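Peer 1: One structure is given below, represented as structure tokens, and several questions about it will come after.
The values are calculated or read from the model by the stated rules, or taken from the named source; none is laboratory data. What you see is a predicted model; the values in this text were computed from it and never measured. All Cβ positions, even for glycine, are placed from backbone atoms using ideal geometry, and neighbour counts span all protein chains on display.
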Amino acid sequence: MGQTRTGEFEEFVAARWPGLIHLARLLTGGDRHRAEDLVQESLVKLWFAWPKVADEAPEAYARKVMVRSAARSARRRWWGERPVEQLPDVAALGDVSTAVAERSRLENALAQMPARQRAAVVLRYYQDLPEAQVAQLLGCPVGTARSHASRGVARLRRLLADVIEPVG
């Protein structure tokens, strides 16, 4: 691959990394490490397809690879991680406890959902994709994708209902 294509790929990764990581965290139910693995796996596949998709829709390709890989990964019982004796240093941030608590609640609720419902909800409502594109990414008819999204939202409402207080 030429130097310009390599540069384009690097620019794409730098620009889209935060969004891809966030999508992957939602698809993996909040597991940061699996999300990073998912993004890296998707970017490797994107790298090999880059000459074909660079001028068309590289983000859509990466998203499709992530959704399919997440679905395959959800069926596995073991991902090959090994414990280490020393944890890496974590960067210190300001007080973001409220945002972290809300994100954790959502990720925990998403983790309790079936993989296809979770993917449908994330793609439809977080990524704001049209139903037809969600169906294409999930590899199912539009009606099935719509059903997964509807059931997923209903389940999220039930899972998160304990904290939502009525107004009035």
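Peer 1: Looking only at the stretch 1-55, count how many residues are out of contact with any Leu (no Cβ under 8 Å at 6 or more places or on another chain), among the β-branched types (Val, Ile, Thr) and under 29 Å from ALA99 (Cα atoms).
Peer 2: So the count comes out to 1.
Peer 1: Where the second residue is hydroxyl-bearing (Ser, Thr, Tyr) and crowded, with 17+ Cβ neighbours inside 10 Å and the first is at negative phi and lies in the stretch 43-72, which pairs have Cβ atoms under 7 Å and are six or more apart or on separate chains?
Peer 2: Here the result reads LEU46/TYR61; ALA49/TYR61; VAL53/TYR61; ALA62/SER42; VAL65/SER42; MET66/SER42; SER69/SER42; ALA70/THR28, each pair linking the stretch 43-72 to a residue that is hydroxyl-bearing (Ser, Thr, Tyr) and crowded, with 17+ Cβ neighbours inside 10 Å.
Peer 1: Out of all the residues in the stretch 128-153, which are of a type in the set (Gly, Ala, Ser) and over 19 Å from ALA60 (Cβ atoms)? Steps first, answer last, please.
Peer 2: Taking the stretch 128-153 and keeping what is of a type in the set (Gly, Ala, Ser), we get 132, 135, 139, 143, 145, 147, 149-150, 152.
Within the stretch 128-153, GLY143, SER147, SER150, GLY152 meet the criteria.
Peer 1: Additional query: May I ask you to list the residues in the stretch 13-53 that are of a type in the set (A, V, I, L, M, F, W, C) and surrounded by fewer than 18 Cβ atoms within 10 Å (Cβ to Cβ)?
Peer 2: First, pick out the residues of the stretch 13-53 that are of a type in the set (A, V, I, L, M, F, W, C): 13-15, 17, 20-21, 23-24, 26-27, 35, 38-39, 43-44, 46-50, 53.
Within the stretch 13-53, VAL13, ALA14, ALA15, TRP17, ILE21, VAL44, TRP47, PHE48, ALA49, VAL53 qualify.
Peer 1: Then there's this: Among the numbered criteria (1) surrounded by 19 or more Cβ atoms within 10 Å (Cβ to Cβ); (2) within 30 Å of GLU8 (Cα to Cα); (3) at pLDDT 90 or above, which single criterion is violated by GLY139?
Peer 2: Tallying (1) surrounded by 19 or more Cβ atoms within 10 Å (Cβ to Cβ); (2) within 30 Å of GLU8 (Cα to Cα); (3) at pLDDT 90 or above, GLY139 fails exactly one: (1).
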